[in-house]
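The values are calculated or read from the model by the stated rules, or taken from the named source; none is laboratory data. Keep in mind that what you see is a predicted model, and the values were worked out from it rather than measured. Because the Cβ atoms are built from the backbone with ideal geometry, glycine has one as well, and the counts that use them run over all protein chains shown. SASA here: full protein model, heavy atoms, side chains in, ligands and nucleic acids out. Shrake-Rupley method; radii C 1.70, N 1.55, O 1.52, S 1.80 Å.
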Amino acid sequence: MKILVAVKRVVDYNVNVRIKSDHTAVDTTHVKMSMNPFDEIAIEEAVRLKEKGLVNDIVAVSCGVTQCQETLRTALALGADRAILVESTAELQPLAVAKLLKAIVDKEHPDMIILGKQAIDDDCHQVGQMLAALMDRPQVTCASKVVIEAKDKATVTREMDGGLETLCVTLPAVITTDLRLNEPRYVTLPNIIKARKKPLQIITPEDLGVNVVSHIKTLKVTEPLERKAGIKVADVASLVAKLKSQGYLNLGATP
Ligand code: AMP
């Protein structure tokens, strides 16, 4: 079986994000960039399936600037077999990424495509769903357990607001990862060195015949409103009085 995993380069989750002074975008100058955390989970899941002997080829794909090669090298160090960078300096919206991934799927014919449920930079939560629609194949989002039953069948449990839902899908299918699917391993130094020798192919959207021109224009990016400082109250009675005065409690009110 072959698995394609989409990995996005994003601002590291520990970084305090700042906005450019002209409010056009997030300032990424001298900022630590990392693999999107949900995509680390996606790679980990593919590697675990390979370790179980169910998968023999893991292809990591990233779309974006030249520096995405670093993210792909991390994916290779984590256990992917080869990598593809679709290099572009354009601002890639989810639909453009989904179209690029679809074009790669058409070339690679993977049995399963695993993506993160969302990228922590734009929080769009869209690419997996759009890709499945473009492929006209089944999708399971927010997966917390993946079991491959046969070459063309998988059982996937997904997390929902009220509990868990278990679905059976025919493969090829698109799966997006949730936090509880697994705990990704750390990259080891020997594996980083080994990863340097693994194949990394660089192509362009033009090579894939995909137009990545965006239909959405970012008008303004602003920081969230600053939270006002809290206050300390002496006891429960004053807390209740304070909440009532702010309109948060309406105890004893007749309907
Ligand atoms: P989003 O819909 O933007 O929140 O992203 C969902 C998932 O799509 C991410 O977790 C990645 O697996 C994948 N993805 C999004 N953008 C890219 C990109 N530029 N390159 C590779 N994968 C991406």
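So here's what we get for this one:
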item	result
Only listed residue being open to solvent by 40 Å² or more (accessible area, probe 1.4 Å), small (Gly, Ala, Ser) and over 26 Å from Pro94 (Cα atoms), chosen from Gly209, Gly162	Gly162
Any pair with Cβ under 6 angstrom, 6 or more apart, that starts in the range 118-141 at a residue that is open to solvent by 60 Å² or more (accessible area, probe 1.4 Å) and ends at one that is within 13 Å of the ligand (Cβ to nearest atom) and part of a helix (DSSP H, G or I)	Gln126/Pro94; Leu134/Ala98; Leu134/Lys102; Gln139/Ala132
Subset of the range 116-145 that is more than 11 Å from the ligand (Cβ to nearest atom) and within 17 Å of the chain's Cα centre (by Cα) - its residue that is farthest from Leu179 (Cα to Cα)	Ala132
Residues being of a type in the set (Val, Ile, Thr) and either more than 22 Å from Lys117 (Cβ to Cβ) or not in a helix (DSSP H, G or I) (or both) - total across the range 71-98	3
Residues (touching a residue at least 24 places away in the same chain (Cβ under 8 Å) and either closer than 17 Å to Ile84 by Cβ or within 7 Å of the ligand (Cβ to nearest atom) (or both)) located in the range 95-106	Ala96, Val97, Ala98, Lys99, Leu100, Leu101, Lys102, Ala103, Ile104, Val105
Checklist (1) in contact with a helix residue (DSSP H, G or I) (Cβ under 6 Å, 6 or more places away or on another chain); (2) open to solvent by 70 Å² or more (accessible area, probe 1.4 Å) applied to Leu181, failing item	(2)
Conditions (1) in a loop (DSSP other than H, G, I, E, B); (2) among the β-branched types (Val, Ile, Thr); (3) over 21 Å from Val7 (Cβ atoms); number of the one not met by Val169	(1)
Hey, Ala103 surrounded by fewer than 23 Cβ atoms within 10 Å (Cβ to Cβ), part of a helix (DSSP H, G or I) and of a type outside the set (Asp, Glu) or not	yes
Subset of the range 200-234 [part of a loop (DSSP other than H, G, I, E, B), within 23 Å of the chain's Cα centre (by Cα) and at pLDDT 95 or above]	Thr204, Pro205, Leu208, Val210, Asn211, Val212
Scan of the range 29-70 for residues that are part of a helix (DSSP H, G or I), closer than 14 Å to Ala119 by Cα and either in contact with a strand residue (DSSP E or B) (Cβ under 7 Å, 6 or more places away or on another chain) or of a type in the set (Val, Ile, Thr) (or both), ordered by number	Phe38, Asp39, Ile41, Ala42
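Okay, residues lined up against (1) more than 22 Å from Ile175 (Cα to Cα); (2) within 17 Å of the chain's Cα centre (by Cα); (3) near the ligand (Cβ under 10 Å from one of its atoms); (4) open to solvent by 10 Å² or more (accessible area, probe 1.4 Å):
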residue	(1), (2), (3), (4)
Ile3	no, yes, no, no
Lys20	yes, no, no, yes
Ala42	no, yes, yes, no
Lys50	no, no, no, yes
Asp57	no, no, no, yes
